[in-house]
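Let me begin by presenting the structure, written as structure tokens, before commenting on it.
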Amino acid sequence: MEEIKMEEIKNVNQAPEADVIPEEIVVSDGKKSIPIKNQIGELIGVFRYNPTDLNMVNRYREVADKIDDIVKPLENVGITVEGEGEDEESIEAVNEVEERLIEVMDYMLDGNSREAFFAKTHALTPVGGSFYFEKVFEAIGLYLEKIFDVEFKTMSKREDKHTHGYRTGKHKKGDR
């Protein structure tokens with residue numbers, strides 16, 4: 001007698017793939033999950049966003065214009081090396097500024113910047129003569145620049161491929 005394998009028994013009770021109705025619709029919208037690491041390679045967060053969202057560049061510029069006004073309340077307060085206020089008034093100002101910074105970063109990236117960038121490090125922690133949020137903002141700007149460079153180069157290659165015959169005259173007067 002022929003030996004029956006366990007996977008054959010399981011497959012007998014399953015409907016063929018063509019008859020299976022999916023329980024979800026999946027659309028590729030360009031979203032990515034990007035690990036955020038510090039300079040020594042430690043994972044500090046994960047950011048989920050759409051890197052080809054053209055409005056992100058506009059929002060980046062808009063937020064850049066607002067940052068000076070957001071941090072203005074910090075001009076007259078004492079901040080510790082950990083990015084905390086030194087007294088009650090300073091603590092309140094620091095917390096308010098951090099919340100506002102995270103709010104505009106969330107808006108800019110259309111995502112959760114606290115989870116991605118600020119879960120382990122306070123936004124106002126001094127790092128190399130700058131606040132940590134400034135380092136984050138700069139890194140995001142460089143990343144966006146690279147992403148859009150790659151995307152536009154890919155689009156340009158595709159466009160060149162499809163319009164080559166028209167530019168060279170190959171398709172002139174209906175010739176193909």
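Just to be sure I understand, how many residues within region 103-122 are of a type in the set (A, V, I, L, M) and open to solvent by 20 Å² or more (accessible area, probe 1.4 Å)? Please lay out each step first, then the result.
Filtering region 103-122 down to residues of a type in the set (A, V, I, L, M) leaves 104-105, 108-109, 116, 119.
Adding the requirement that they be open to solvent by 20 Å² or more (accessible area, probe 1.4 Å) leaves 119.
Count: 1.
Please go through region 78-94 and pick out each residue that is at pLDDT 85 or above and either touching a strand residue (DSSP E or B) at 6+ places or on another chain (Cβ under 8 Å) or closer than 15 Å to His122 by Cα (or both).
Of everything in region 78-94, those that are at pLDDT 85 or above and either touching a strand residue (DSSP E or B) at 6+ places or on another chain (Cβ under 8 Å) or closer than 15 Å to His122 by Cα (or both) turn out to be Ser90, Ile91, Glu92, Ala93, Val94.
Given the conditions (1) modelled with pLDDT of 90 or more; (2) surrounded by fewer than 22 Cβ atoms within 10 Å (Cβ to Cβ), which single one is not true for Thr125?
(1)
Working only within region 16-45, note down all residues that are part of a loop (DSSP other than H, G, I, E, B), out of contact with any Ser or Thr (no Cβ under 8 Å at 6 or more places or on another chain) and surrounded by 10 or more Cβ atoms within 10 Å (Cβ to Cβ).
Of region 16-45, the ones part of a loop (DSSP other than H, G, I, E, B) are 16, 20-31, 38-42.
Keeping just the survivors that are out of contact with any Ser or Thr (no Cβ under 8 Å at 6 or more places or on another chain) gives 16, 20-29, 31, 38-42.
Within region 16-45, Lys31, Asn38 qualify.
Keeping to region 46-76, report how many residues are open to solvent by 40 Å² or more (accessible area, probe 1.4 Å), in a strand (DSSP E or B) and of a type in the set (Phe, Trp, Tyr).
0
Which condition number in (1) open to solvent by less than 40 Å² (accessible area, probe 1.4 Å); (2) touching a helix residue (DSSP H, G or I) at 6+ places or on another chain (Cβ under 6 Å) is the one that Arg100 fails?
(1)
Report, by residue number, each residue of region 36-56 that is among the aliphatic types (A, V, I, L, M) and either in contact with a Lys or Arg (Cβ under 6 Å, 6 or more places away or on another chain) or closer than 25 Å to Val127 by Cα (or both).
Filtering region 36-56 down to residues among the aliphatic types (A, V, I, L, M) leaves 36, 40, 43-44, 46, 54, 56.
Scanning region 36-56 gives Ile36, Ile40, Leu43, Ile44, Val46.
For region 106-135, name all the residues that are more than 11 Å from the chain's Cα centre (by Cα) and part of a loop (DSSP other than H, G, I, E, B). Before you say what the answer is, go through the steps one by one.
Our first condition is that a residue be more than 11 Å from the chain's Cα centre (by Cα); within region 106-135, this holds for 107, 114-115, 118-135.
Ala119, Lys120, Thr121, His122, Ala123, Leu124, Thr125, Gly128, Gly129 - these are the residues of region 106-135 that are more than 11 Å from the chain's Cα centre (by Cα) and part of a loop (DSSP other than H, G, I, E, B).
With touching a residue at least 12 places away in the same chain (Cβ under 8 Å), open to solvent by 90 Å² or more (accessible area, probe 1.4 Å) and either of a type in the set (Val, Ile, Thr) or part of a helix (DSSP H, G or I) (or both) as the only criterion, which of Glu138, Glu89 stands out?
Details: Glu138 fails: touching a residue at least 12 places away in the same chain (Cβ under 8 Å).
Every option except Glu89 fails the conditions.
The values are calculated or read from the model by the stated rules, or taken from the named source; none is laboratory data. These numbers come from a predicted model, not from an experiment. A quick note on method: Cβ atoms are made from the backbone with ideal geometry, for glycine too, and the neighbour counts reach across all protein chains shown. Heavy atoms of the whole protein, side chains included, go into the accessibility calculation; ligands, DNA and RNA do not. Shrake-Rupley method; radii C 1.70, N 1.55, O 1.52, S 1.80 Å.
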